[in-house]
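To start, the structure under review is shown below, and the notes come after it.
Only the coordinates and a few stated rules stand behind these numbers; no lab work does. These numbers come from a predicted model, not from an experiment. Virtual Cβ from ideal backbone geometry, glycine too; neighbours counted across all protein chains shown.
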Amino acid sequence: MDYHQNILSTIGNTPMVQLHKVVAEVPALVLMKVETFNPGHSIKDRMALKMVLDAEARGDLRPGGTIIECTSGNTGMGLAITAAVKGYKCIFTTTDKQSKEKMDLLRAIGAEVIVCPTNVESDDPRSYYSVASRLSKEIPNSYWCNQYDNLSNRQAHYESTGPEIWRQTDGKITHMITGVGTGGTISGTGRYLKEQNPEVKIWGIDTYGSVLKKFHETRQFDEKEIYPYITEGIGEDIIPKNIDFDIIDHLEKVSDKDGALMARRLAREEGIMLGYSAGSALAGLLQLKDQLTADDIVVVVIHDHGSRYVGKIYNDDWMRERGFLDTELRVKDIIARKQDTSF
Ligand code: PMP
């Protein structure tokens with residue numbers, strides 16, 4: 001018989017898939033690590049499980065306990081899956097910017113979700129960090145994972161994502177590119193890859209409105225870099241402990257519009273239905289294509305599935321309201337199509 005004892009051991013060992021049409025202008029071989037094959041449909045299952053296992057080992061999480069986390073959804077899904085198998089309760093704080101699909105999914109798997117305002121300072125008592133911190137003090141036998149500063153996050157990628165990529169590329173990878181939020185994915189995976197071959201370039205994707213790129217380049221925290229943006233999961237207004245800036249060779253900013261349009265192209269041209277930040281990662285790669293050659297092997301590590309964004313980037317009205325779809329072009333397309341069918 002060939003079976004898993006429970007769903008948790010299906011986390012990781014995700015496939016690598018070559019991209020074609022969307023990278024036609026890129027001289028290198030471009031492979032995508034399709035993390036949507038994890039049971040929670042995102043890469044965050046890896047670090048969620050690791051944060052719980054490490055907390056159990058330290059005695060910070062005991063039977064019947066409550067897991068608390070501030071999460072935009074994906075970490076929450078990984079924690080909720082882990083909690084369901086291991087018998088913990090979950091309370092998540094999230095921001096009102098996140099998609100309703102993400103919150104509904106978390107509630108469906110048994111978590112309590114508390115929605116907090118997006119545009120407040122992180123030390124404001126209403127912020128999703130502050131609410132999570134307060135709850136962890138008020139609720140007995142509770143454990144706040146704190147994915148931003150909990151180094152089990154990047155360690156999960158050092159132990160699993162990095163070695164998988166090295167194996168799957170036979171050690172031939174030359175560039176890894178991925179979105180950066182807490183920094184766990186890029187720092188853990190990047191460190192493992194650079195330890196195998198210091199020549200591997202690690203490129204991170206940031207957003208306009210995030211403080212990360214400027215901090216990477218100047219080591220100065222510039223508040224002027226911070227303003228609201230639409231892309232979900234990447235960019236920060238704080239410097240999380242999980243980001244190891246020395247591992248990152250370059251951070252590239254991608255606009256909300258370019259990320260959204262590229263996610264739609266990935267679905268329609270490659271048949272890979274992914275989230276917003278996956279579009280940003282690939283759009284960033286196209287921005288950097290002149291730095292690549294035919295000998296390069298690029299691995300794009302994506303974060304989550306597109307089902308969580310059907311009401312957003314995959315919805316034409318939502319896209320048009322934000323000026324992300326070229327209305328003039330659409331009218332021309334429709335006229336062209338009508339002319340075609342008249343023959
Ligand atoms: N994309 C999405 C959709 C995410 O949920 C996250 C996690 N915040 C990221 C990218 C960034 O990953 P990391 O936190 O490991 O930097």
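General remarks:
- Farthest toward the positive end of the dipole of the chain, out of ILE109, SER152, ALA278, is the Cα of ILE109, where the dipole comes from beta carbon charges about the Cα centre.
- For the chain, a crude dipole built from +1 on the beta carbon of Lys and Arg and -1 on the beta carbon of Asp and Glu, taken about the Cα centre, is about 620 debye to the nearest 20.
- Beta-bridge orientation, the chain: approximately 15 percent antiparallel, per DSSP, counting only bridges with both partners inside.
- Nearby aspartates and glutamates by direct alpha-carbon distance to LYS289 (threshold 20 angstrom, same-chain neighbours under 8 apart not counted): GLU25, GLU199, ASP206, ASP249, GLU252, ASP256, ASP258, GLU269, GLU270
- J(HN,Hα) series, segment 180-197, from Karplus relation 6.51 cos²θ - 1.76 cosθ + 1.60, nearest Hz, glycine and proline x: 10, x, 5, x, x, 4, 5, 6, x, 5, x, 4, 4, 5, 5, 5, 6, 8
- Set LYS86/LYS194; LYS44/LYS312; LYS201/LYS241 screened for pairs whose C-alpha atoms are more than 27 Å apart: LYS86/LYS194
- Distance from the Cα centroid of segment 154-177 to that of segment 84-153 is 29 Å (rounded to whole angstrom).
- When segment 41-183 is reduced to its Cα atoms, the Kirkwood hydrodynamic radius in Å: 15.8 Å
- Look at ILE243, ILE7 and count the other Cβ atoms within 10 Å of each Cβ; fewest to most, that gives ILE7, ILE243.
- For LYS50, a cut-off of 17 angstrom between C-alpha atoms picks up these aspartates and glutamates, skipping any fewer than 8 places away in its own chain: GLU35, ASP60, GLU69, ASP149, GLU159, GLU164.
- Equivalent ellipsoid dimensions for segment 19-95 as semi-axes, Å, which come from the Cα gyration tensor, largest first: 34, 13, 10
- Proxy reagent accessibility, fewest Cβ within 10 Å first, across LEU135, LEU212, LEU251: LEU135, LEU251, LEU212
- The fewest-to-most ranking of VAL299, VAL113 by surrounding Cβ atoms within 10 Å reads VAL113, VAL299.
- Annotation: segment 171-311 has a Kirkwood hydrodynamic radius of 15.2 angstrom, from the mean reciprocal C-alpha pair distance.
- 0 to 90° range, to nearest 10: angle between helix 327-341 axis and the chain longest Cα axis: 60 degrees
- Label-to-label distance, nm, for residues given as PHE245 and ASP295 (7 Å Cα→Cβ offset): 3.2 nm
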